[in-house]
Amino acid sequence: MPVIEARGLRKAFGKTIAIDGIDLCVQEGRILGLIGPNGAGKTTVLNAIVGLIPYEGQLKVLGHDPWTERDRLMRNVTFIADVAVLPPWMRVCQALDYVAGVHPRFDRGKAQGFLAKTEIGSASRVRELSKGMVTQLQLALVMAIDARLLVLDEPTLGLDILYRKQFYDTLLTDYYDRTRTILVTTHQVEELQHVLTDLMFINHGRIVFDCSMEAFESRYLEVTVHPDCISAARELRPMHERQLLGRNILLFDSVDREKLAAVGDVRTPSIADLFIAVLGNPAGRSQGATR
Amino acid sequence: MNTRSNTMPETFVRGGIAPLVMSATRPLYWSVRRELWENRSIYLAPLGIAAAFLVGFLISLIHLPAKIRALSALGPADYRHAIATPYDIAAGLMMITTVLVSVFYCLDALYGERRDRSILFWKSLPVSDRTTVLAKAIIPILILPLITSVIGAAMHLIMLIASSVVLLGSGLGVAPLWAQLPWFQMSLLLLYHIITVHALWPAPVYGWLMLVSAWARRATFLWASLPVIAVAGVEALAFHSVHFAELVGGRLIGASAADERTPGYMFPTNPMTHITPGTFLGSPGLWIGLAVTAAFVAAATRLRRSGGPM
């Protein structure tokens, strides 16, 4: 049974179509990254999944309809919208009291354990904390909830690299246990490369790319082509080509590694490189065509 | 709207993610507490006003012995008349505070959480919109009147004790004071008056303000008052009458409630004031008002459900 199952999910705001028929099936234990440019519909998809907006089409999260059963669903789903949603007037101890009061699956001791490792004082108000500390607080609250699905919308937006790295490290070591499912959207794809198990690109409200990270690593190869091999390399039908410091860098989908090694230096591309290759392509759905 | 899938087996719900049982009132209790954390004016405003008034009253006690000596020849009614005024003012201040704090609380209740984006945090927790909005409606209708009544009663008690100390120090008796201003009875009257006249009777106004605060994207006070002014203006022009303005104004200051409920003056020190809950509970105006309040609160709940940060 999938944790999230969507069929023909659609959402329009007036004449703007934010989600244009998305099919989605996320199994338990996956860490799915939903990557897309600004305005692609990422946040709208997440909002539909956590029951913040009504939608058309079919959507079940842990067997619940998120729009009609948000409060019940939230016992098993946790959600970090972005760094700036904790109420500024709230004290840290009040946040702990409140979540412990309303959430049946919250382990207060666990949250305090996380907070003890930070410099956050329990009497501090949220408005007095730095952006990074607010994220730590939110992470402490969320990780102390024994939830089945964690939804993260740009969780590290505006944080410096130390906090960003710490955020994902903490999540993986102290939270993720292969029975939980994590769905994350972000612009900062570099940090996610070794975190994700699955990858999805979204553009103009549609899923334009969908594959597991294992498949990603075996299928896609990036080659810095030797200058004299460029025409030979192009004959292997790269899906994307770019230039960096005078070198041609070609991205291939499902081309034999040994053939590519003959024309240049081969490595696994970054998610960002593939993202540009897929989204930069006007067809938008070329990953099937180039096979 | 989404179509429901009936193919999803129920066993999945019962299996791994069966929700832990939690008392239904617990989220409501914590939601009310969080309102008090966020809106400290609910108790700080009446406390501040009470403290300022008491300072003035304590200073005025200097003149009390002379005043009582001058009165000693007069009868009990004149005695009460001469000393009751500050107690009426204290009660009146608590009534005004109740209405003012309620109005500003309601205008911000569902607006503030959208403005500071914290609505996303509240909605990430297993608390329904109904519980949240209900907790907010309980504040002006129950919690704030209780707080101001208790503070008003405490003011009266402090005033009586301080007066007694001053009178005893001047060699005067205190029995007439406590007989003319019976503290326990005054406190009950004040509680009854504030809950009926300044909480239940104006409830539709509070409901309307909450609805506007769930809907408006800015300038909640303007959006709340402009329609009222517009309707009143149209009525005045078209029919040369002021029924709507009287209706709303009467709800807000509790004027028409006083007519329907308590004959005579409504200040708690007046011995003529007697509680007639039967008349109040039997008045159609109360129940129509509460029905309108329920409709406003329900509409506010619907708006909050689809509402997001601004």
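The values are calculated or read from the model by the stated rules, or taken from the named source; none is laboratory data. Everything quoted here is computed from the prediction, not taken from an experiment. Neighbour counts run over all protein chains shown; Cβ positions are idealised from the backbone, glycine included. Keep in mind that these areas ignore ligands, DNA and RNA; they rest on the heavy atoms of the full protein, side chains included. Shrake-Rupley method; radii C 1.70, N 1.55, O 1.52, S 1.80 Å.
Of all residues in the stretch A:5-33, how many are open to solvent by 20 Å² or more (accessible area, probe 1.4 Å), of a type in the set (A, V, I, L, M, F, W, C) and within 14 Å of chain B (Cβ to nearest Cβ)? Even if it seems obvious, please write down each step before you answer.
Quick first cut of the stretch A:5-33, residues open to solvent by 20 Å² or more (accessible area, probe 1.4 Å) only: A:5, A:7-8, A:10-17, A:20-21, A:23, A:25, A:27-28, A:30.
From what's left, of a type in the set (A, V, I, L, M, F, W, C): A:12-13, A:17, A:25.
Retained after the next criterion (residues that are within 14 Å of chain B (Cβ to nearest Cβ)): A:12-13, A:25.
Result for the stretch A:5-33: 3.
Which residues, counting only those in the stretch A:211-225, are out of contact with any Asp or Glu (no Cβ under 8 Å at 6 or more places or on another chain) and open to solvent by 10 Å² or more (accessible area, probe 1.4 Å)?
Here is the first cut: in the stretch A:211-225, the residues out of contact with any Asp or Glu (no Cβ under 8 Å at 6 or more places or on another chain) are A:214-218, A:221, A:225.
A:GLU214, A:ALA215, A:GLU217, A:SER218 - these are the residues of the stretch A:211-225 that are out of contact with any Asp or Glu (no Cβ under 8 Å at 6 or more places or on another chain) and open to solvent by 10 Å² or more (accessible area, probe 1.4 Å).
What do you reckon, is A:GLY36 more than 12 Å from chain B (Cβ to nearest Cβ) and buried (at least 24 other Cβ atoms within 10 Å of the Cβ)? Lay out the reasoning, then the answer.
On the way: more than 12 Å from chain B (Cβ to nearest Cβ): yes; buried (at least 24 other Cβ atoms within 10 Å of the Cβ): yes.
Here the answer is yes, as A:GLY36 does meet what is asked.
Look through the stretch A:66-95, keep the residues that are under 16 Å from B:VAL127 (Cα atoms) and surrounded by fewer than 21 Cβ atoms within 10 Å (Cβ to Cβ), and return whichever of them is nearest to the other protein chains (Cβ to nearest Cβ).
Per the stated criteria, the residue is A:ASP71.
Test B:LEU191 against the stated conditions and say whether it is of a type in the set (A, V, I, L, M), at pLDDT 90 or above and within 26 Å of B:ALA77 (Cα to Cα).
Details: of a type in the set (A, V, I, L, M): yes; at pLDDT 90 or above: yes; within 26 Å of B:ALA77 (Cα to Cα): yes.
Judged against the criteria, B:LEU191 is a match.
Filter the stretch B:83-128 down to the residues that are within 21 Å of B:ALA298 (Cβ to Cβ), surrounded by fewer than 22 Cβ atoms within 10 Å (Cβ to Cβ) and over 18 Å from the mean Cα position of the chain (by Cα) and list them by number.
Within the stretch B:83-128, B:GLY112, B:ARG114, B:TRP122, B:SER128 meet the criteria.
Helices (runs of 4 or more DSSP H) wholly in the stretch A:23-121 with at least 2 residues that are out of contact with any strand residue (DSSP E or B) (no Cβ under 8 Å at 6 or more places or on another chain) and hydrophobic (A, V, I, L, M, F, W, C) - which ones? Write out each step before concluding.
Details: elements: A:42-49, A:70-73, A:92-102, A:108-116.
Passing ranges, in order: A:92-102, A:108-116.
Go over the candidates A:ARG237, A:ARG242, A:ARG257 one by one and state the one that is open to solvent by 50 Å² or more (accessible area, probe 1.4 Å) and within 25 Å of A:GLU191 (Cβ to Cβ).
Numbers: A:ARG237 fails: within 25 Å of A:GLU191 (Cβ to Cβ); A:ARG257 fails: within 25 Å of A:GLU191 (Cβ to Cβ).
It is A:ARG242.
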